[in-house]
1. Of all residues in region 250-279, which are buried (at least 20 other Cβ atoms within 10 Å of the Cβ) and under 14 Å from Leu212 (Cα atoms)?
2. Which residues, counting only those in region 38-59, are aliphatic (A, V, I, L, M) and assigned to a loop (DSSP other than H, G, I, E, B)?
3. For region 280-298: of the residues being closer than 23 Å to Leu218 by Cα, surrounded by 16 or more Cβ atoms within 10 Å (Cβ to Cβ) and of a type outside the set (A, V, I, L, M), which is modelled with the lowest pLDDT?
4. What residue, among those in region 161-173 that are of a type in the set (S, T, N, Q) and exposed (fewer than 10 other Cβ atoms within 10 Å of the Cβ), is modelled with the lowest pLDDT?
5. Go through (1) touching a Lys or Arg at 6+ places or on another chain (Cβ under 7 Å); (2) more than 30 Å from Asn23 (Cβ to Cβ); (3) of a type outside the set (Phe, Trp, Tyr) one by one and return the number of the condition Leu181 breaks.
6. Looking at Leu171, is it touching a residue at least 40 places away in the same chain (Cβ under 8 Å), touching a Ser or Thr at 6+ places or on another chain (Cβ under 9 Å) and part of a helix (DSSP H, G or I)?
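The values are calculated or read from the model by the stated rules, or taken from the named source; none is laboratory data. Not measured: the values here are computed from a predicted model. Heads up, the Cβs are rebuilt from the backbone with ideal geometry, glycines too, and the neighbour counts pull from every protein chain shown.
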Amino acid sequence: MFEQGLEASICVQPKTGKILASNQAMHGTLGYDPDCLLGRSIHVLAPSPSLEVWNALASCFELRGCDIEVLHQNGDRVAMIASATAIWGVKGKILCGLVVLRRRLSVSPSWHAGPESQAQANTLAYEVSVAEAKERERIARGLHDVVGQLHTLLRMKLDQLSETCSMVEDLGMIAEMQSLLSQATKATRETTFELSNPLLNLLGLKVAIESLGQTFGLPLKVEGVNEALPLPAPVLSVVFRVVREMLFNVRKHARAQHVLVSLKLQAGNLLIHIIDDGLGFKTHGLPSSGHKGGYGLASARLQILSLGGRLDVDSSPGAGTRILMSVPLSAQHQ
């Protein structure tokens, strides 16, 4: 499902940490043929399986820019930077984890954390976020073009079989297989939409966000710009995914009667306000990193920061929640 790319990418099964798919860059960068990794634990890439970061990757936790060593197929240790994101289903369950590995650039002993190095770090964070968005699109395209077509062909074969079969018991088994296939097709379609919402590419950010009202059963109103935004498609994908996660949190926790998303173009930035009249919460003491159950506000903030933007939260118990996201329209690095 993955295409050739610069970043080595792995799709991981939640809880077990088993590798579900990997791209050809795993061969070019680390010497592994994609097929030889299928079904094996991600820990086979770890010099020391007990390292906390590898356990986090196996558990599909959110990670950004972690320095790690990865075992090359020949046994060498390769210095890399790892980022990971969980891919969530509409029912709040992790479908899989996406791990992106990139070679760490060597630095001289005189290196210090000055403005240039910070700019390089910001650029790398942007590139990792964009790489994740591209991989999601590639996986979704593979599910649609390959798995979807196989489901259609299998459905046609089962229909033909049911028309020619005369044994009652066999007809019952065929009907059961048709039902299971329908469930598999539905699950595949939901996963495809989770990875890459087609409305975003076809009709734009506003329409894609409006569709989340029906998806999540929210009393959602979306206001503001509806024209094509001057942002690269991978950047829009990151923005939409963060908005989606914020609205999922509203559905899950807020008990809101009204939810408003406002989109504005102002001073070279895309401003997104997400306002609800729900239960609210204490913002003091929020975790500093993503945690199980969703992106978490901290992880969503890291996603937006990687685009050169910012995400601010204003909330208190009983007073609803107001989230402001700002992304520069020049959110692209050369």
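1. Across region 250-279, the qualifying residues are Val250, Arg251, Val259, Val261, Ile274.
2. Of the residues in region 38-59, the ones aliphatic (A, V, I, L, M) are 38, 42, 44-46, 51, 53, 56-58.
Within region 38-59, Leu38, Ala46, Leu51 qualify.
3. Checked region 280-298; the qualifying residue modelled with the lowest pLDDT is Gly294.
4. So in region 161-173, the residues of a type in the set (S, T, N, Q) come out as 162, 164, 166.
Keeping just the survivors that are exposed (fewer than 10 other Cβ atoms within 10 Å of the Cβ) gives 164, 166.
Working: Thr164: 86, Ser166: 77.
Looking at residues that are of a type in the set (S, T, N, Q) and exposed (fewer than 10 other Cβ atoms within 10 Å of the Cβ), I get Ser166.
5. It fails just one condition, (2).
6. Details: touching a residue at least 40 places away in the same chain (Cβ under 8 Å): no; touching a Ser or Thr at 6+ places or on another chain (Cβ under 9 Å): yes; part of a helix (DSSP H, G or I): yes.
No: the conditions fail for Leu171.
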